[in-house]
Amino acid sequence: MILIDTNDINASKKVKTLIDELQMRLLQTEDALEDVARAAEIAQITGQVEMMSAFVTQANEVLADRIVRPDSSISADKHKITMIVDDITEPSTNAT
């Protein structure tokens, strides 16, 4: 996607300002997502999951200024998450 040069469009100053602000927010979000993706990839390869905490903090800072959805039926309270954790530290050698 190519950034829109608001000087090249025929729109009101308010619309141009809004386009500029949204483009900057999109760029910041893409940068944060790219950082999280790289950190997750490194954590997956090296097994160093603790390095993810700094990127989780950064992602939460980006999400602090979320766009308010007009559909208020979407809420984090309605989602259920099941986390499955493998506590096995050594691979099993028993054949069953």
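Structure notes:
- Filter result (over 27 Å from V68 (Cα atoms) and acidic (D, E)) within region 4-56: D8, E41, E50
- Pair list, Cβ under 8 Å, 6 or more apart: region 5-28 residue within 25 Å of V62 (Cβ to Cβ), other residue aliphatic (A, V, I, L, M) and exposed (fewer than 11 other Cβ atoms within 10 Å of the Cβ): K16/I9; I19/I9
Quick grid of which residues meet (1) modelled with pLDDT of 85 or more; (2) surrounded by 11 or more Cβ atoms within 10 Å (Cβ to Cβ):
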residue	(1), (2)
V15	yes, yes
L22	yes, yes
R38	yes, yes
I42	yes, yes
Q58	no, yes
V62	no, yes
S73	no, no
H79	no, no
I84	no, no
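The values are calculated or read from the model by the stated rules, or taken from the named source; none is laboratory data. Treat the numbers as computed from the prediction; the structure is a model and nothing was measured. In this analysis, Cβ positions are derived from the backbone assuming ideal geometry, glycine residues included, and neighbour counts consider all displayed protein chains.
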